[in-house]
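What follows is one structure encoded as structure tokens, with my remarks underneath.
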Amino acid sequence: MEMALEEARAAGERGEVPIGAIVVLDGTVVGRSGNRTRELNDVTAHAEVAAIRMACETLGQERLTGADLYVSLEPCTMCAAAISFARIRRLYYGAEDPKGGAVESGVRFYAQPTCHHAPEVYSGLNETEAADILRTFFAGKREMS
Ligand SMILES: [Zn+2]
């Protein structure tokens, strides 16, 4: 989780919304990324999707069966779906996101009958720190404008 927070901070320093994600398989980090939507001009380049892409490329496979994903913020609907499609075993996240989340908030993607693989979910890891990174970032944005 510390590494996910590092990726979040690094994303913030690049001017991206500070969210970070890590994919771990058998104790090895196989994917890590922060948000890259601005850098790549790609609305799908959320930290979770970018980390999953990197892990799939590293391993040369389409699915990440048995891998765990750590992310600083509750995943959105798109990322919750990507995590499901990648067959992630466990999802660990930090802060909840009542406005944009899709795991325990919003559409509760994994509880839907159309979801065919749900990871085990562990929320609230380093929750305060994860939320502070976002709060500080957006407070800074408001001051600048
Ligand atoms: Zn997302």
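Each reported figure results from applying straightforward, stated rules to the coordinates on display, with no laboratory input. What you see is a predicted model; the values in this text were computed from it and never measured. FYI the Cβ positions are ideal-geometry reconstructions off the backbone, even for glycines, and counts take in every protein chain you see.
Just a few scattered comments:
- Treating r as the C-beta distance of R90 and K141 and R0 as 35 Å, the FRET efficiency rounds to 0.60.
- The value obtained for the stretch 1-141, namely the Cα convex hull volume divided by the number of residues, is 98 Å³ per residue.
- GNM result for the chain, Cα springs below 10 Å: residue of C79, C56, C115 fluctuating most strongly: C115
- Pairs of Cα atoms nearer than 8 Å and 6+ residues apart set the relative contact order; for the chain it is 20 percent.
- Computed helical MRE - 222 nm, the chain, DSSP H runs ≥ 4 contributing -39500 (n - 2.57), nearest 500: -12000 deg cm²/dmol
- K99-E6 FRET efficiency (beta carbon distance; Förster radius 22 Å; 0.05 resolution): 0.35
- Quotient of Cα Rg and 2.2 N^0.38 Å for the stretch 1-52, N being how many residues it contains: 1.05
- Shape metrics for the stretch 75-123, restricted to C-alpha atoms - Rg then Dmax, Å: 9.6, 26
- Computed over the stretch 36-99, Kirkwood Rh from alpha-carbon pairs, angstrom: 12.1
- Set of the stretch 107-123 residues, backbone N closer than 11 Å to the point 7 Å along the Cα-Cβ line of T77: 107-109
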